[in-house]
Structures are given as structure tokens and as C-alpha cells.
Amino acid sequence: MRAIVLDRDGRPAIADVPAPEPSLAVLACGLCGSDVEKLGHAPAGTVLGHEVVVRSAAGTREALIHHRPCGACERCRTGHESTCEQFPSPTIVPGGFAERVGAAEGVAVDESLDDATATMVEPLACVLRGAEHVSPGRVLVVGNGFVGRLFTAVLELRGDTVFAVDSDPARAGRTPDGPVDAAVVCANGGLDTALDAVVPGGTVLVFADAGALPADVVYRRELTVVGSRSATPESMRAAATLLPRLAVPEPLVLPLERFDEGLDRFLRREVLKVVFVP
């Protein structure tokens, strides 16, 4: 089968690889910022892609679950499933940027969604899990790319007043008109902006590698800083239910053969989201 495979320098290229057995047909796979971070670092032969929609063995469409925690350890029981020792084990093999993947667990996708939009179930699940830590009220989203806009959609739906800033003026949303109750950091290096914006006693959700934490600010202003990473099977099911109700950015959809083009446009910040189809 065809897949996007990393060479020994960590660069992606289309290649023929053995198809897993048993396997499922990939319908679409979204490009995530975490995929981009692995370029140049992941081992040769790696196939990336985890925002995957497949045709199940029963003929239905499913968004695949990226990682599965054990659900029984103390970390899982206290809501820190992404730190479970079992969590890093891959469930999507070899990866979603391919024609087929090994049989895996997924959640049903609403028929009202096209394949490309359905790939957003996984990132939305990550956002829903993170949003549980965000205090209600006035919220600032730092980094108004694709994930930042998912946060805005989710938080506005629950009744929050949401502001959004970005290092790129073309992407910035509504500028905050005063202090906020909480901030969500979706951009690398955005922590200082978030800390400056929240009221004393406020909450900052770290959803990206935001930089070093200035402990003195947290101490003196009694801030709550919490991290959240990845999704759980439960949040995947919730996202699959919610996604048809949200207004989400229109993705750029390209065939696997044009992976380099889609990656380049993503890195140039010309598009918010790229989805590849076999």
C-alpha cells in the first residue's frame, strides 16, 4: 500500500509499504502540529498521522482512538489517563497517512459529516478534555490556529465570553478588553501572555509547550496552572457527538501524493488545517 514514510533524515516521502492484516481502509487523515514536531526526529520508516477516519469492517465510518489508557490504574482513576503507563502504546498502525491501517477501535462518525471534517473528532476530543480545566467566564485563547478555534467554539457553546490573540495579526480574534478569568495556551511560548491576562486567582490551561513557568508570578497571584494532553476514549465519544453542532474551519483537502504541498502550506500558515486522503 502507499503511505507517507519518513526517510533516514526524518523527511516525509510517499512509498510502498506492507499493508497490515487485518486492516481497514483509510478515508482521511488530518495533519496535526504534533506530526510536524516529529519530522526530523522520528525514526526512519515511521508513518505519522493519528486524526484518522476509516471504513470499518461493518461498513460504517469511524474515527480511530489514538491511544488507550488502561482505565484501572491510579492515574486513570484520577483523570490523568494520558500519563498511564499503557497510554503511549500505539493503536493506529502503521499510521494514518496511508491507504490502510491495522484493525483498531474507533467511535462512530455522524453521517452528516464529510470524511475530512470527521477527522476533527480526535483533536476536538483533546480540546474537550482540556476544557474541563478551564474556569467559566471570560477566557483568553492564546494561539488562534485550528486548535485555538476549536477551544473558542467549545467554550462559547458552554456560554463563556472568549477572546483570542495570535502572533500572526491575520489570525487574531477579539482582543480582550480587560482581565480574564482563565486563559488557554495553544501556542508555543504563549505562557507570558496568558499569565499577564488572568486575574489574581485565575486559571491557565497549558495545551502546548508554552515555555518556562515563572513561579514567582504563580505564587504571588495565586494562579492555578494545569496541563492537559491528548484524548481518551470517553472524550472521543463526546467529540463525535458534539462535532456536528460546531462551526469548524474548512480544511484544505489533498491526496497523499501532494503531502509536501500541504505540509508547506501549513508551515507557511496559509491554511489552518490540512487533511489528506488516499
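The values are calculated or read from the model by the stated rules, or taken from the named source; none is laboratory data. In this text the structure is predicted, and so the values were computed from the model without any measurement. Backbone-built Cβ (ideal geometry, glycine too); neighbour counts: all protein chains shown. Just so you know, the surface numbers come from the protein's heavy atoms only, side chains and all, with ligands and any DNA or RNA stripped out. Shrake-Rupley method; radii C 1.70, N 1.55, O 1.52, S 1.80 Å.
Side notes on the structure shown:
- Residues in the stretch 172-192 that are open to solvent by 50 Å² or more (accessible area, probe 1.4 Å) and outside any loop (DSSP other than H, G, I, E, B): Asp181, Asp192.
- Checked against the criterion of being at pLDDT below 95 and under 21 Å from the mean Cα position of the chain (by Cα), the candidates Ala231, Ala208 yield just one match: Ala208.
- Answer residue from the stretch 198-213, given it is assigned to a loop (DSSP other than H, G, I, E, B), free of Cβ contacts under 8 Å to residues at least 24 places away in the same chain and out of contact with any Leu (no Cβ under 7 Å at 6 or more places or on another chain) and is surrounded by the fewest Cβ atoms within 10 Å (Cβ to Cβ) among those: Ala212
Okay, residues lined up against (1) touching a helix residue (DSSP H, G or I) at 6+ places or on another chain (Cβ under 7 Å); (2) without any contact (Cβ under 8 Å) to a residue 24 or more places away in the chain; (3) farther than 19 Å from Phe276 by Cα; (4) not in a strand (DSSP E or B):
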| residue | (1), (2), (3), (4) |
| --- | --- |
| Arg8 | no, no, yes, yes |
| Pro20 | no, no, yes, yes |
| Glu37 | no, yes, no, yes |
| Val47 | no, no, no, yes |
| Val53 | yes, no, no, no |
| Glu62 | no, no, no, no |
| Gly71 | no, yes, yes, yes |
| Cys76 | no, yes, yes, yes |
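- Leu195 open to solvent by less than 40 Å² (accessible area, probe 1.4 Å), part of a strand (DSSP E or B) and farther than 22 Å from Gly79 by Cα: no
- Look at the stretch 102-121: where a residue is within 16 Å of Ser230 (Cβ to Cβ) and a partner is among the basic types (Lys, Arg) and buried (at least 16 other Cβ atoms within 10 Å of the Cβ), sitting 6+ places away or on another chain with Cβ atoms under 6 Å, you get Val107/Arg237.
- Against the test of being surrounded by 15 or more Cβ atoms within 10 Å (Cβ to Cβ), of a type in the set (Gly, Ala, Ser) and over 20 Å from the mean Cα position of the chain (by Cα), the options Gly102, Gly71, Gly96, Gly106 yield a single qualifying residue, Gly102.
- Residues within the stretch 249-271 that are under 26 Å from Thr91 (Cβ atoms) and either among the basic types (Lys, Arg) or open to solvent by less than 40 Å² (accessible area, probe 1.4 Å) (or both), tallied: 6
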